[in-house]
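Report on the structure given below.
The values are calculated or read from the model by the stated rules, or taken from the named source; none is laboratory data. Since the model is a prediction, treat every value here as computed from it, not as a measurement. Cβ: placed from backbone, ideal geometry, glycine included. Neighbour counts: every protein chain shown.
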């Protein structure tokens with residue numbers, strides 16, 4: 001691992017000559033003529049935006065911890081500090097969220113477990129946009145329950161350069177150095193970053209190490225605006241009982257590479273945009289940890305190489321009444337595997353580590369019309385389609401309307417149809433604990449939502465922000481892994497219908513360095529059919545976060561000293577089977593995190609802790625989460 005990290009650091013030194021930094025990207029891509037049109041469209045969807053100031057105001061040290069603070073977002077972890085985590089929204093599964101990095105779809109077609117294998121750390125992030133609902137303009141099939149767009153770096157003054165150097169250490173042999181460089185010139189913006197994260201583990205076989213390397217850029221020319229990004233990640237981690245409680249010696253290694261190039265051009269009333277992107281993901285999973293006495297002779301681990309490549313084109317035409325948009329994307333998804341896919345003709349021996357293969361081609365398209373009238377009304381209607389060589393034709397649509405009743409304040413309503421294709425794991429995975437189903441159907445849903453957002457500046461410079469939303473989702477053919485308590489293996493299946501209803505509310509009050517934010521989300525899933533599966537235990541689809549309440553508090557102490565605290569209440573629905581094969585109900589849990597710090601314009605020194613109450617709890621049944629974890633660090637911005 002040391003050699004890997006040194007190699008990545010050398011690559012970083014070489015790539016700092018590249019231009020980097022992706023431009024600010026909005027999920028809704030609202031860039032039309034007229035400021036009022038921008039304002040109205042900005043509040044048409046349920047979009048939660050976390051900017052750099054809000055990110056710094058939390059005691060989070062990883063991207064996963066930050067996302068877990070958002071209402072309606074559920075981060076379920078195996079391991080710690082980003083070793084592996086699954087993201088779901090509004091009672092959905094980890095395969096139902098579209099993940100974007102600087103607006104580029106990096107969602108993994110093999111499994112949602114790999115969606116957060118991102119080559120960045122929290123220090124690289126400028127802001128995050130969370131979209132609750134469909135994302136037609138992003139060709140987002142996997143935006144079944146929502147989408148997360150992670151944007152790196154924000155604009156800087158011209159002809160400036162910044163260096164970010166950080167080092168933190170803590171319990172369980174934790175150490176995490178990082179470095180980033182950012183520069184803004186007249187026509188070019190660029191960024192490069194690297195970080196390393198390591199721990200010896202909080203219980204047996206939960207050690208991990210991973211390293212990231214990332215560079216991105218933007219350049220202006222007469223031909224248009226160009227953006228690009230390249231990143232890689234190497235990760236290895238002990239996987240104590242991650243996928244089956246009977247085997248505590250599981251182990252996993254992953255490698256990920258992403259690359260994309262984008263172009264867009266404005267002229268007259270037109271905006272044209274095109275993006276090409278590629279993602280490569282290697283995964284090797286061992287039921288028995290290598291180089292240990294328990295490792296059997298002639299054992300072959302599960303190996304997967306997943307490649308995704310796509311090219312898309314979008315066009316927008318703006319007038320006084322709104323904007324017309326349409327686009328086309330060709331996306332190819334390919335896997336080589338020891339277990340996933342169909343047996344290759346060339347696989348003459350079971351010793352071939354990649355004896356199985358599958359390829360599927362997607363053609364995605366959309367057309368969308370936005371209307372703006374009477375200064376503060378906006379509406380949108382759109383249709384999207386997908387042709388897949390395995391599942392043929394499927395479609396999605398959306399319809400939305402919003403009224404902006406005050407600056408940065410609106411009420412809105414929306415209805416949409418979303419869909420998701422089965423992953424390669426859903427279709428083909430077989431192991432000592434799982435049996436897949438090649439006859440799965442795509443899942444789809446009808447979603448209805450109403451909500452409001454309010455922002456205002458009160459007396460004495462206090463700012464208040466309030467958002468409230470409620471929704472109902474009718475889910476059809478919902479994909480899940482389920483089994484009876486007495487069965488040995490989980491089965492891949494479609495639930496005929498699973499409905500979800502719920503809501504979210506967030507209130508924030510802030511002034512200077514003081515802020516208080518309270519949020520609450522509620523989700524209730526109703527399985528309306530499948531009586532023959534009434535005694536089955538769900539692994540994903542019916543195993544959701546019912547209640548989630550979060551209270552965040554930030555305050556100054558004295559001359560640069562301050563504190564940040566987060567108290568979270570979670571109550572998960574459903575049951576799980578423990579190591580003794582007993583059916584257990586998830587228990588509610590309170591989690592307290594905090595950070596004390598001193599900082600000025602260039603230096604921050606801090607001490608922080610997660611799970612300060614030292615509670616034992618479970619995100620996934622039977623996999624114990626870390627107890628109290630203490631860390632300290634220093635950050636230099638030069």
- Output for region 357-375, where each listed residue is touching a helix residue (DSSP H, G or I) at 6+ places or on another chain (Cβ under 6 Å) and either surrounded by fewer than 14 Cβ atoms within 10 Å (Cβ to Cβ) or outside any strand (DSSP E or B) (or both): 375
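Being part of a strand (DSSP E or B) and surrounded by fewer than 17 Cβ atoms within 10 Å (Cβ to Cβ) is the filter here; which residues of region 586-596 pass it?
Those that are part of a strand (DSSP E or B) and surrounded by fewer than 17 Cβ atoms within 10 Å (Cβ to Cβ): 590, 594.
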- Go through region 279-324 and give me each residue that's touching a strand residue (DSSP E or B) at 6+ places or on another chain (Cβ under 8 Å) and over 29 Å from residue 116 (Cβ atoms). 315, 316, 317, 318, 321, 322, 323, 324
- If you take the residues of region 610-628 that are modelled with pLDDT of 95 or more and either over 26 Å from the mean Cα position of the chain (by Cα) or part of a strand (DSSP E or B) (or both), which of them is farthest from residue 238 (Cα to Cα)? 613
- Checking residue 433 against (1) farther than 30 Å from residue 338 by Cα; (2) in contact with a strand residue (DSSP E or B) (Cβ under 8 Å, 6 or more places away or on another chain); (3) modelled with pLDDT under 90, the condition it does not meet: (1)
- region 491-585: strands (runs of 3 or more DSSP E) wholly inside it with 2 or more residues that are within 23 Å of the chain's Cα centre (by Cα) and either without any contact (Cβ under 8 Å) to a residue 12 or more places away in the chain or more than 19 Å from residue 465 (Cα to Cα) (or both) are 514-527, 545-558, 561-572
- Applying the selection to region 327-356, what residues are surrounded by fewer than 19 Cβ atoms within 10 Å (Cβ to Cβ), over 18 Å from residue 418 (Cα atoms) and at pLDDT 95 or above? 330, 332, 334
- For residue 387, the lone unmet condition from (1) modelled with pLDDT under 95; (2) under 25 Å from residue 334 (Cα atoms); (3) over 24 Å from the mean Cα position of the chain (by Cα); (4) outside any loop (DSSP other than H, G, I, E, B) is (1)
- Filtering region 108-139 for residues that are in a loop (DSSP other than H, G, I, E, B) and either closer than 19 Å to residue 50 by Cα or out of contact with any helix residue (DSSP H, G or I) (no Cβ under 8 Å at 6 or more places or on another chain) (or both) leaves a count of 11
- Query: Hey, among 201, 217, which residue is within 30 Å of residue 622 (Cα to Cα) and either free of Cβ contacts under 8 Å to residues at least 24 places away in the same chain or surrounded by 15 or more Cβ atoms within 10 Å (Cβ to Cβ) (or both)?
  - Reply: 201
- Note on the structure: Over region 361-378, the set of residues over 15 Å from residue 314 (Cβ atoms) and in contact (Cβ under 8 Å) with a residue 60 or more places away in the chain is 362, 372, 375, 376, 377, 378
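Kindly evaluate residue 211 against the criterion of being touching a helix residue (DSSP H, G or I) at 6+ places or on another chain (Cβ under 7 Å), in a strand (DSSP E or B) and either surrounded by fewer than 18 Cβ atoms within 10 Å (Cβ to Cβ) or at pLDDT 95 or above (or both).
Yes; evaluated as a whole, the condition is true for this residue.
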- Message: Looking at the structure I just gave you, is residue 147 modelled with pLDDT under 90, touching a strand residue (DSSP E or B) at 6+ places or on another chain (Cβ under 9 Å), crowded, with 24+ Cβ neighbours inside 10 Å and not in a loop (DSSP other than H, G, I, E, B)?
- Response: yes
- Query: Conditions: (1) within 27 Å of residue 314 (Cβ to Cβ); (2) surrounded by 21 or more Cβ atoms within 10 Å (Cβ to Cβ); (3) modelled with pLDDT of 85 or more; (4) in contact with a helix residue (DSSP H, G or I) (Cβ under 8 Å, 6 or more places away or on another chain). Residue 93 meets all but one. Number of the miss?
  - Reply: (1)
- For region 50-63, which residues satisfy the criterion of being crowded, with 22+ Cβ neighbours inside 10 Å and either at pLDDT 85 or above or not in a loop (DSSP other than H, G, I, E, B) (or both)? 63
- Note on the structure: Within region 166-208, restricting to residues that are assigned to a loop (DSSP other than H, G, I, E, B) and within 30 Å of residue 103 (Cβ to Cβ), the one that is modelled with the lowest pLDDT is 186
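Based on what the data block shows, is residue 273 farther than 22 Å from residue 118 by Cβ and at pLDDT 95 or above?
Criteria met by residue 273.
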